[in-house]
Structure formats: structure tokens, C-alpha cells
Amino acid sequence: MNGKIVGGFIVVTALIAGVAIYYLQEYGYYVELGPEDAEIQLTSLTSQEPEPILIEGLEAIDADSSPLRFRACFHTDRTIAGLTEQFIIYDAAVPLNAPGWFDCFDAEAIGEALENGEAIAFLGERNIHDGVDRVVAVFDDGRAYAWHQLNETYQD
């Protein structure tokens, strides 16, 4: 009888821990940002400094628990041709997955678009956190997405 109680306790504790870990990873630490909280910038070819760009329809999330949790979706009226003449292209862009409930950000689709040339990635801001860059991908139709990813400081 005691073994069933102990075994049941272990199973219930593991289930509670599993649910808590899932909740914290998917929902717990994220906060939604407004336009006043998340200015989108691109790094200039000439000055090597980030410069704000005009955007609309910003949806963004972030979390204090990790510098890699930032994701944003928005539109810009800037053309890719104009952006490539003015801002630094980011060759090593790899979008990171967003939580399932943040519907506007599809890392797989963005990654495929970057690979086949439908979108171009730009350096938003180098070392926005230690060893982390903000990357901004822009599509021909004005859709744009931003995320944080590790730079060469912490990569192999």
C-alpha cells in the first residue's frame, strides 16, 4: 500500500512540474510590447549606428528571462532596394521559434523566405544585449519581422 502512495505522489508531482514548466516556457515570462516599448532600428552602412525606420502595425513580445525571447511583426513602406543601399545586410540570420500563441511570427516560413531570396535580413542593432544581435527581415510586400539571435561572441 505504501508503494502505491509513494508512486502516486511521484506521478502527480511530475505532472504538476511538467505543466508548470510548459506554462512558464510558453506564457509565463512574456509581455506584449507596444510601439512605445519597441523601436525598430536598422544599422546604417555609413555611420555604423542604428537608425529608426518608420513602421506600422507593430506586434511584439519580449521577456526579462532571456535576451533571445524578443519577437516582432510589423509593416514598413521602405523597399528592399532602398534598404539594401542604406543598411547593413545580416548574412547569418536564423529566425528563432516564437511561442505558439504569437501567431504573426512563423520562424520556419521566415527562414525559408530568407533562403530563397523572398526576404532580406538586416542588422537591427549589434549587441543589443551582450553577445546578442537584433535581426530584422523585410519582405518585398512590406511585411517585416524582428528577433534576437546570438552573434559570433557566443557561437562555436
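Read-outs throughout are calculated quantities, based only on the coordinates presented, and are distinct from any laboratory measurement. For clarity, every value in this text was computed on a predicted model and none was experimentally measured. Positions of Cβ are generated from backbone atoms using ideal geometry, with glycine treated the same way; all protein chains shown enter the neighbour counts.
Results, tabulated for the structure shown:
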item	result
Percent RCO, i.e. relative contact order, over the chain, from Cα pairs under 8 Å lying at least 6 residues apart	21
Gyration tensor over alpha-carbon atoms, the chain, equivalent ellipsoid semi-axes in Å	38, 16, 14
Protection proxy ranking, peptides 98-111, 21-34, average beta carbon neighbours within 10 Å, highest first	98-111, 21-34
Charge dipole of the stretch 1-143 about the Cα centre (unit charges at C-beta), most positive-ward option of ILE10, PRO95, GLY111	ILE10
Label-point separation, LEU45 to ASN2 (7 Å along Cα→Cβ), nm	7.7
Approximate spin-label separation VAL31-LEU150, in nm, with each point projected 7 Å along Cα-to-Cβ	2.6
Within the stretch 66-110, backbone nitrogen closer than 18 Å to the virtual label 7 Å beyond the Cα of GLU56 toward Cβ	73-80
Sites SER66 and ALA14 - FRET efficiency at Förster radius 22 Å, r taken between beta-carbons, to 0.05	0.35
